[in-house]
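Below is one structure, written out as structure tokens, with a few remarks after it.
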């Protein structure tokens, strides 16, 4: 058994008076912090209230022991240390009984005590400062260093790094509802200003927003003029919720990128892509693009033919090269001239038969077809499915036999 060895003024004693139960909790919690244990509020029947050591009681498994998949780790030790308060009708209270002894080791070090729930102190003014720093895009490490300087060092902080991180996430979710109202208000305002502004929102089965689509009137007008080829990319994720941001982009007659529409998606499933492509089709009044360029997302590849059957689907060369960059770097290191030769074939607008001949010549020149140490087998689409004008559909595949 362990009994805290503390100054007399910190010790709770029988008949000590308090104006409220909260005041009694604060006093006992201060004692617990110095002693090295956490608190847990117990039952309150209106006549008496209990404050327990956080290790009071035992963990109880809800099902049968044979159904337990893995052992449950618990801090509960059945500790009997507690404080019993006697409540009065006027709201005041006094200590009726106190048990000092613990059946476990006390965590006397300040860095350990801060992990106990009852000792996590979130000063409202301090949390308001954290929120302002977050809005200013201050790095998490800088925020923690600033808070530590306010408290005289990291060891004196009344909370740890994870607490602040969780607090910031809570603030984000609290603002979500207001963000949605502001977004809807913005869409309604844009629609009232220009009837050609387009937006759609997908509501799921639990009545929450899953997808958002929007296109400005000027963007829809640009599509009318430059709808030959559209790229769609979802590689960017928003900062707060990691939702894929899909962007429909084309090229004007000055070879400048122009945005046709954008969409926020909950996920990258076939159903989500079918929704966004169907919505895009409604936005552009059913006028299919001649060609759409995407990355090698399999869900996207399945969704496009069902929604845009009249559109030729091609892969962007940049995504393909990036995907196999690690494989190619090893070849570049051993064959310095190989990179220029490879890209000269990829960049030149060759017909399929011309590409086959050029590719075979490249393999023969560098003796790569039989070199199993450096090439492995995988399937990529012909380079003609990239950004060249004359090309076969995306399903026409060429085997690159590479072994690494």
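Here, each number is a calculation from the coordinates, and none is a lab measurement. All figures in this text were calculated on a predicted structure; none of them were measured in a lab. Here the Cβ positions follow ideal geometry from the backbone for every residue, glycine too, while neighbour counts run over all protein chains shown.
At a Förster radius of 41 Å, what calculated FRET efficiency corresponds to the Cβ-Cβ distance of residue 353 and residue 225, to the nearest 0.05? Calculated value: 0.75.
For the pair residue 22 and residue 127, a Förster radius of 25 Å applied to the C-beta separation gives a FRET efficiency near 0.85, rounded to the nearest 0.05.
In plain terms, the bigger the Kirkwood radius, the slower the diffusion; for segment 194-315, with that radius from Cα pairs, at 10 °C and 1.306 mPa s, Stokes-Einstein puts D at 109 µm²/s. Judged by the mean number of other Cβ atoms found within 10 Å, the most tightly packed of the peptides 249-256, 335-342 leads the ranking 335-342, 249-256.
Ranked by the mean number of other Cβ atoms within 10 Å per residue, highest first, peptides 200-210, 37-47 order as 37-47, 200-210.
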